[in-house]
1. With a sphere of radius 14 Å drawn around the Cβ of A:E14, what net charge do the other residues whose Cβ falls strictly inside it have (Lys, Arg +1; Asp, Glu -1)?
2. If you project the alpha carbons of region A:2-79 onto their three principal axes, what span does each projection cover, largest first, in Å?
3. Need one value for B:353-365: mean number of C-beta atoms belonging to other chains within 10 Å of its residues' C-beta atoms.
4. With springs connecting C-alpha atoms under 10 Å apart, model chain B as a Gaussian network and identify which of B:S175, B:S159, B:S317 has the largest mean-square fluctuation.
5. Average partner chain C-beta neighbours within 10 Å, per residue of B:210-216?
6. What is the angle, in °, between the Cα long axis of helix B:200-215 and the longest principal axis of the Cα atoms in chain B? Nearest 10 is fine, range 0 to 90.
7. Taking the DSSP beta bridges in the protein assembly as shown as the whole, what percent of them are antiparallel, to the nearest 5?
8. Which lysines, on any chain, are close to B:K382 with Cα under 20 Å apart, when same-chain ones fewer than 8 places away are left out?
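Any read-out appearing in this document is the output of simple, stated calculations on the displayed coordinates, not a laboratory observation. Note that the structure is a prediction, hence the values are computed from the model and not measured. Virtual Cβ from ideal backbone geometry, glycine too; neighbours counted across all protein chains shown.
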Amino acid sequence: MEHKLDVSGLEPPEPMERILQAIETLNAGDYLYVTHRREPRMIYPMLENMGIAWITRTGGPEGYEIFLWHKGDDIASSEIPA
Amino acid sequence: MTVSRSGLSLEQAPPISVPFRFFLTAPIFGLLAALLLLIYGPEALTNRWAPATLALTHLITLGFLGMIMCGAMMQMLPVLAGSPVPKVKPVATAVHILLTIGILALASGFLSGTTGLFHLALTALGLGFLIFIIAISIALMRIRTPNDTIHGMRLAITSLATTVILGLTIGAGFSGMTSLSQLIPLTDIHLGWGILGWIGLLVIGVAYQVVPMFQLTPEYPKKLTTPLSWAIFATLIIWAPLYLAWGNGHLPKLVPDIWILLPTAGYILFAGTTLRLQQKRRRRVSDITLLFWRTGMIFIAACLLLWLISFIPATKSQPAFSLLLGIWLLFGIAASVVNGMLYKIIPFLAWFHLQNRQVALMSMGKVKVPNMKELMPDKLAKRQLYAHLATLLLLTLALIWPNPLAYVAGLSLGISCTLLLLNILQATRRFQQVNQELSDFEASR
């Protein structure tokens, strides 16, 4: 299931805070779809530590789209739009 | 298009003590400048060559602005560009100690005229800046795909090297180590490279990143960001020999004075663009950093206006003219922008370090990491902004009524720097408190 989160209108570090909070609500098979105006590079090491996989793409309504899911969750991973 | 699956490595970020020691030292030098103004009063604001004025200027440029800029650069290179400063801990320790000794010796040297103090100042400052410039240059050169911010930083650090070499040359002449025939043109070129090169180019480069990021504005237009820093740097390179040619009697002063309008026009373009972008910001809430930056941008225009007025005959020969220009450049533009940035950098760094540690310990829900506003409350920052604006106004008015306003301006500067110091200490204490809670959590597992 997709969980949507738009952090494009937030001042740093709120986008990171919101993403970290939203990750905690992800169940098996869920992924988080984040829209942002910048690439959130500073959160990547934290995601790595938390066992979260992610993929960042340019595009979407705000310029950047980030998909996040628990590492090893093949169902969530397979549901991410190509 | 997939852009990235990798980020910054945590090991790249220097310990928080690296930038914070510089940030905490800066307001102490500001306090020393205030103390000097309280002791010397009008004498510090009579003409730019008075010993008290020279000591005051260097306490602000090296002690206040320089400390913050050096600390911020060591932190920003890994964060913004993914390129850590080599051996950052010993480099930061050596640079911080050497600059502190050098600034204290220089200010005391100006006030007492003691040659030994000048020698100590030149050695410590020369060595401190040499280490800083080499370490930063290595980090900057390692970046394989530099953006406009990195280009700006490279030009800024080159300008710093030029400013320091000129400063050491003038210092050696001033203390009688060498003979110096062109004191006035060399001092003005030293000033030009320091303010329009080092401070200005670093502010521009950093603004490209932090203004859109923190103030939620659109990005700076690419057609401006790519050529601007280069254009300013190139015009400064040509300005220096023109100014020396005036010093040698080969050119009328009007030529370098008109030429300097070119880099100034670059800064006007930057200020206008920044104000326009700030008008278009997405979140229209009051923001202390934004107000500090707006003050700085408005004073860029004010300084240009002042420079244009100086073309009216007999204006520039007034000692108050160069003092007013100095006050507006240093306090109106540079101190406003740099001080304002601290209110983003400090809480952001504190939050980032704590959040990283919380994630690494998986202590979410056990230890609460404070947000930016809790680490640096707006109310405290706003109080200091008012004190800073009052200082700016009082310093300006002190040129008209030196007695007693020079003393009042000193008091106001002292209040502003005390509030800034207390605000940084407050954020530091809050950081240490939560960091301790995280350590306790780690020990209890």
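1. Numbers: positive: A:R18, A:R37, A:R38, B:R282, B:R283, B:K344, B:K373; negative: A:D6, A:E11, A:E17, B:D287, B:E374.
Neighbourhood net charge equals +2.
2. 31, 23, 18
3. Working: counts 0, 0, 7, 5, 0, 3, 9, 4, 1, 3, 0, 5, 1.
Taking all residues of B:353-365 together, the mean is 3.
4. B:S317
5. Numbers: counts 1, 0, 2, 4, 2, 1, 6.
Per-residue shielding by partner chains comes out at 2.
6. 30 degrees
7. Numbers: 15 of 20 bridges.
Counting only bridges with both partners in the protein assembly as shown, antiparallel ones make up about 75 percent.
8. By straight Cα distance, B:K382 reaches B:K344, B:K373.
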